[in-house]
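Okay, structure first, notes after.
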Amino acid sequence: MVSENELKALFESQLKGQLVTLEAVRKGILYNVLLTILLLAALAAMNFWLISQNPHVVVIILVVLISLALLIYFIYKTSQQKKRYRESFKSGVVAEVVKLINPEWQYNCDSCISEESYWQSCLFPHRYDRYHGDDFVSGMIDRTDFQFSELHTEYKQVTYGSKGQRHEQWITIFRGLFMHADFNKYFSGTTFVLPDTAERLLGAFGQSLQKLSSRGELVKLENPDFEKLFVVYSSDQVESRYILTPAIMEAMVHLHQRFDGDIYFSFVGSRVYFAKGFSTALFEPNIFRSGVNFADVKEMFDLFGMISVLVQELNLNTRIWTKA
């Protein structure tokens, strides 16, 4: 893992120049956004005034059509600019940050973790109606292969009002970073390590609720710090204890502290799956403020660096087992 000083050196020597060039594009997009808003207000005012003058209906239709055409043109122009800006930002900045961490890793800004991998993790079993993501990274850390991306899954909820009105709402199932890596051991069962929100919120009553799960048997372990943060379910009590060694449990506590929030794990097949939720899109340029900012690059670097931290903390490169 490279140091922060190396990252600063890259920022000053290469990324800063890229970001300064992109700054002119960003300002152009922002100008067009503001112009579109002003144009919309002006066209609305003009149309209201025109209607108040009681002109011929043909004149009204003609003015409305011209107004709509102008508005569509500006919206399309702005969307194309934003698309080009995003592509330049991803290839010129995000890809370079990934390359700095490890030049052999593969990065694809428009790809994501496969739906098959998402389902195999069994972490979020709710059916989804929308599945999308980006910033896919794959590669090796020493002897451990991994895949990692941003991911967002949603389902559509349809309700009906008292008069039969149909309302659609998109509900997020998971939004954040999703990863899976080789654990170098085939599991006959499935083990889940999930945030223990029930015990944290409800105390002793929450402990009793833990037993009510379709994910398998509740597994109680001997690490009190681990037990405060996580709840474990498994289809195989013996195997779950074999996986969750004292070192692994301590590593998961460290990861929870380091990543500041709920994290999810599952052990399925021969892979460990990991998910960390975020409420906003990651690795995306912001047109409403300057992108020439080392702090933003450092945040990207730290998020991609989560991959290495996970592999190191979970000690995945120490082949204490052989696949069998």
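Hey, got the dipole for the stretch 50-150? About the Cα centre, +1 on K and R Cβ, -1 on D and E Cβ, debye to the nearest 20?
620
Mind jotting down the three principal axis lengths of the chain based on Cα atoms? Whole angstrom, largest first.
83, 62, 34
Please give me, ordered by residue number, the trypsin sites (Lys or Arg not before Pro) of the stretch 147-184 that lie in loop per DSSP and have at most 12 other Cβ atoms within 10 Å.
Lys163
Going through the cross-link list Lys16/Lys298; Lys27/Lys77; Lys16/Lys99; Lys83/Lys276; Lys228/Lys276, which pairs have a Cα-Cα distance over 20 Å in this structure?
Lys83/Lys276
For the stretch 1-43, what is the convex hull volume of the alpha-carbon atoms per residue, in Å³?
Looking at the stretch 1-43, the number lands at 72 Å³ per residue.
Run through the stretch 214-275 and list the GluC sites (Glu not before Pro) located in a DSSP loop whose Cβ has at most 12 other Cβ atoms within 10 Å.
Counting only loop positions with at most 12 other Cβ atoms within 10 Å, the GluC sites (Glu not before Pro) in the stretch 214-275 are Glu222.
Return the sequence-ordered ³J(HN,Hα) values of the stretch 262-270 in whole Hz as given by the Karplus equation 6.51 cos²θ - 1.76 cosθ + 1.60 applied to θ = phi - 60°, using x for Gly and Pro.
Using θ = phi - 60°, the values come out as 5, 10, 10, 9, 9, 10, 9, x, 10 Hz.
Short version: ³J(HN,Hα) in whole Hz for each residue of the stretch 83-91, in order, from phi by Karplus 6.51 cos²θ - 1.76 cosθ + 1.60 (θ = phi - 60°), x for Gly and Pro, what are they?
Values, residue by residue: 5, 5, 5, 4, 4, 5, 5, 5, 6 Hz.
So for the stretch 1-143, considering every pair of alpha-carbon atoms, how many percent are separated by more than 25 Å?
Here the tail beyond 25 Å accounts for 57 percent of pairs.
Check Thr190: other-chain or 5+ apart residues with amide H under 5 Å from its amide H, H built from backbone geometry?
Amide H to amide H, under 5 Å and 5 or more residues apart or across chains, Thr190 pairs with Ser235, Asp236.
Within the stretch 101-197, which GluC sites (Glu not before Pro) sit in a loop by DSSP and count at most 12 neighbouring Cβ atoms inside 10 Å?
Here the GluC sites (Glu not before Pro) that fit, given the DSSP loop and packing criteria, are Glu104.
List the residues whose amide H sits under 5 Å from the amide H of Ser270, counting only those 5 or more places along or on another chain, with H placed 1.01 Å from N in the peptide plane.
For Ser270, the qualifying residues are Phe187.
Charges at C-beta only: +1 for Lys and Arg, -1 for Asp and Glu. How large is the resulting dipole of the chain about its Cα centre, in Debye rounded to 20?
1020
State, to one decimal in nm², a quarter of the convex hull surface area for the C-alpha atoms of the stretch 49-102, i.e. the direction-averaged projected area.
For the stretch 49-102, the mean projected area of the Cα convex hull comes to 4.8 nm².
Using helices alone, what [θ] at 222 nm do you get for the chain, with -39,500 (n - 2.57) per DSSP H run of 4 or more residues, divided over all residues and rounded to the nearest 500?
-15000 deg cm²/dmol
Can you check how the C-alpha radius of gyration of the stretch 63-133 compares to 2.2 N^0.38 Å, as a plain ratio?
The stretch 63-133 yields a ratio of 1.73.
Compare Met249, Met300, Met46 in a GNM of the chain, Cα atoms joined below 10 Å, and give the one with the largest fluctuation.
Result: Met46 has the largest fluctuation of those listed.
Quick note: the coordinates plus some simple rules give every number you see, no bench work behind them. Just so you know, these numbers come straight off a predicted model, no measurement behind them. Every residue, glycine among them, receives a Cβ derived from its backbone with ideal geometry; neighbour counts consider all protein chains shown.
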